[in-house]
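Peer 1: Sharing a structure with you now.
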Amino acid sequence: MNENCLGRIRSSYSKFSEKEKKVADYILSNPEVIVHRTINDVADDLGLADATVFRFSKRIGYKGFQAMKIALASEYTTPAAPDDEDEIKESSLSVTDEYFQVQTKILQSMKRDMNLETISQAVDLVRFAENVVIFAGSKWTAIANEASQRFTLAGIKAHAVTNPLLQPISASLMNQKEAAIVLTDAFNDEETSALLNSIKKTGAKAIIMTLKPITNVSLSEQIILYTGIEETDPLLKDLGIRLSFTCYTDILCLKVQEQMKQVNQQ
């Protein structure tokens with residue numbers, strides 16, 4: 001694994017047991033607090049055995065709880081306090097500067113945390129599907145439509161469904177030879193979960209691009225691509241999610257095109 005600690009947890013979340021998900025949710029919600037807690041503290045907070053927390057640390061690739069804490073601490077090291085000159089520079093940042101800083105930070109974070117094995121699985125699913133259906137809420141309509149056009153240009157039959165009234169119907173009409181791509185910020189768990197359950201019943205596989213884990217549906221057979229956005233400002237968060245969704249769909253399109261080109265040249 002090349003991801004940082006939080007990236008490992010997000011990319012493996014759908015494969016965790018219920019107890020492991022409790023530990024995962026605790027860490028994802030309180031990463032900066034965990035570094036100051038003992039394994040006994042965490043276990044007591046969750047009502048679990050120390051051994052369960054220890055096994056979770058091993059499950060995501062660390063030798064133990066202490067090694068996991070060290071990894072988390074490196075992600076949440078408090079930077080040195082800025083001097084007066086730095087503060088002046090920071091205060092003089094324009095909206096444009098802040099926009100590019102946020103976008104750059106997100107791209108760097110995505111590159112660092114990206115699970116190449118998961119990306120490869122997503123590419124194979126799209127490439128060999130008879131049809132790709134892209135589901136997205138109103139905020140992500142443009143991204144869904146653009147992705148469907150790019151897949152079509154790459155030789156993949158695809159279309160976007162962004163009307164919330166049509167999405168449940170379209171999901172229920174899918175079959176096991178098709179693939180779904182679901183763009184969701186996971187804030188409306190009920191609608192997202194209902195949509196994913198409908199897709200699963202048809203035997204179709206789904207690629208889910210999401211901000212945070214969805215808990216009301218079994219995702220064990222689905223492919224999860226997390227955005228990992230940590231911005232608290234609503235506008236910056238939306239910009240970040242949009243960039244992440246665009247990056248993931250672009251990467252899938254480019255890799256599918258690359259593989260199709262290699263096949264055609266053989």
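What follows is calculated from the coordinates using simple rules that are stated; it is not laboratory data. What you are looking at is a predicted structure, and each value in this text was computed from that prediction instead of being measured. Using ideal geometry, Cβ is built from the backbone for each residue, glycine included, and neighbour counts are taken over all protein chains shown.
Peer 1: So how do 126-134, 37-45 stack up, highest first, on mean other-Cβ count within 10 Å? The partial results should precede the final answer.
Peer 2: On the way: 126-134: 19.7, 37-45: 15.6.
For the peptides 126-134, 37-45, the packing ranking is 126-134, 37-45.
Peer 1: Sticking with this structure for a sec: With a/c under 1.5 counting as rounded, go ahead and sort the range 5-75 into rounded, prolate or oblate using the C-alpha gyration tensor (a ≥ b ≥ c being the square roots of the eigenvalues; past the cut-off, prolate if a/b is larger than b/c, else oblate). Walk me through the intermediate numbers first.
Peer 2: Numbers: a/c = 1.32, a/b = 1.01, b/c = 1.30.
Rounded is the answer for the range 5-75, as its axis ratio a/c remains below 1.5.
Peer 1: Specify which residue in the list 176, 210, 263 is farthest towards the positive end of the charge dipole of the range 116-265, using unit charges on the beta carbon of Lys, Arg (+1) and Asp, Glu (-1), about the Cα centre.
Peer 2: Positive-most Cα among the choices belongs to 263.
Peer 1: Could you tell me, in Å, what Rg and Dmax come out for the Cα atoms of the range 116-265?
Peer 2: Gyration radius and largest Cα-Cα distance of the range 116-265: 14.5, 48 Å.
Peer 1: Mind putting a number on the dipole of the range 5-75 about its Cα centre? Charges go on the C-beta only, +1 for Lys and Arg and -1 for Asp and Glu, and I need it in Debye to the nearest 20.
Peer 2: The dipole magnitude comes to about 400 debye.
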